[in-house]
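Here is the structure we will look at, set down as structure tokens.
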Amino acid sequence: MGVPKNKREWLGVIQPDLLMNLTLRDLRSKYKRSVLGWTWSVFNPLVAVVVYSAVFSIFLRIEPSVGDPSGLNSYAVFLLVTLLPWQFHVTSLTEANRSITANSSLVTKIFFPRWVLPTSAVLARFLTLIVEMLVLLVLIALWEGHIAFQWIPVVAALMILQLLFTIGLALMISAANVYFRDIQHFLMVALQPWMFLTPILYPLNLVPADKEFLGISYRTLYQLNPMVSWTKAYRNVLYDLRFPSLERWLAILSATFVVLYLGFKVFNRLEPRMAEEV
């Protein structure tokens, strides 16, 4: 299939109506028969912040870096501005991983572009992230007097790039999970160390720069993790109140488009036999 040449062909490829319906279905199923509904989206990360703050800030006495130039010195805010994007990352991959196998009746009986299943799972979590980030901005302003509303366009750009990056990963793991069901177990195991290898609970300067492995510093190796760049960028904007460095933007853009390209490449390669294997 060639590159779409007009709006009608693009709409045929993207399937916006189908994508929107599946996204809304995922949202409705998540909060079905829930009394608090969307409130859980805010309540869950707040509970996590209380627990992590007690363990890492009070017991282990990890000090957050002081916001530069904001001067902010709050472990709770330091944690929240990166914990919310990370939880979006985790829940998106977890839901998308089983999005095809959980919809086996659709896949086997109806012909449609299967990529919309993992993509709609990610989009449903992304809508939740938007609500969480807006609430976060209000809470920070009320509790800390830390006004970050003027940085909303930069935060929005970071969120959209993270959305595309996550869709790329979701396409790969959801397609692979159709053929190798061990993927879902591997994912659950891998996400936990991935979190601790990302500077969410602690500042990046705790990673030693003076120690080396095969002639490469630990911090350089550490920053090969693409989520490090997103974590630092979110913290730059919402905690430091400054624009992320060009180096961060280049790392984020490179990771986004490489992973998104590979995601569609792998998915298209594995899609033809999905109806037989699911």
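Working from label points 7 Å from Cα in the Cα-to-Cβ sense, the L204 to F59 distance is 2.8 nm.
Hydrophobic long helices, here whole DSSP H runs in the chain with Kyte-Doolittle means of at least 1.0 and Cα atoms spread over 18 Å or more along the helix axis, are found at 39-52, 116-144, 152-179, 246-270. Between L18, L246, L161, the Gaussian network model of the chain with springs among Cα atoms under 10 angstrom shows the greatest mean-square fluctuation at L246. Packing-based ranking of 256-266, 207-217, 115-125, 95-105 yields 115-125, 95-105, 256-266, 207-217, ordered from highest to lowest mean Cβ neighbour count within 10 Å. Pairs of Lys residues in the chain are counted when their Cα atoms are under 25 angstrom apart and they lie 8 or more places apart or on different chains; the count is 5. Full extension of the chain between A275 and R181 yields a length gain of 32.3 nm, computed as 0.36 nm times the residue separation minus the alpha carbon distance.
The order of V49, V77, V131, going from fewest to most other C-beta atoms within 10 Å of their C-beta, is V131, V49, V77. Contact order for segment 16-277, expressed relative to its length and based on alpha carbon pairs under 8 Å spaced 6+ residues apart, stands at 27 percent. Only Lys, Arg, Asp and Glu carry charge here, each on its Cβ (+1 for the first two, -1 for the last two); on that basis the chain has a dipole of about 740 debye about its Cα centre. Put the Cα centre of segment 141-173 next to the Cα centre of segment 180-247 and the gap is 16 Å. Placing pseudo-labels 7 Å out from each Cα toward the beta carbon at T108 and S254 gives an inter-label distance of 4.5 nm. Please work out whether the chain counts as rounded, prolate or oblate from its C-alpha gyration tensor, where a ≥ b ≥ c are the square roots of the eigenvalues and a/c under 1.5 means rounded, while otherwise a/b larger than b/c means prolate and anything else oblate? Prolate, since a/c reaches 1.5 and a/b exceeds b/c.
Values in this text are rule-based calculations from the coordinates and carry no lab data. Treat the numbers as computed from the prediction; the structure is a model and nothing was measured. Backbone-built Cβ (ideal geometry, glycine too); neighbour counts: all protein chains shown.
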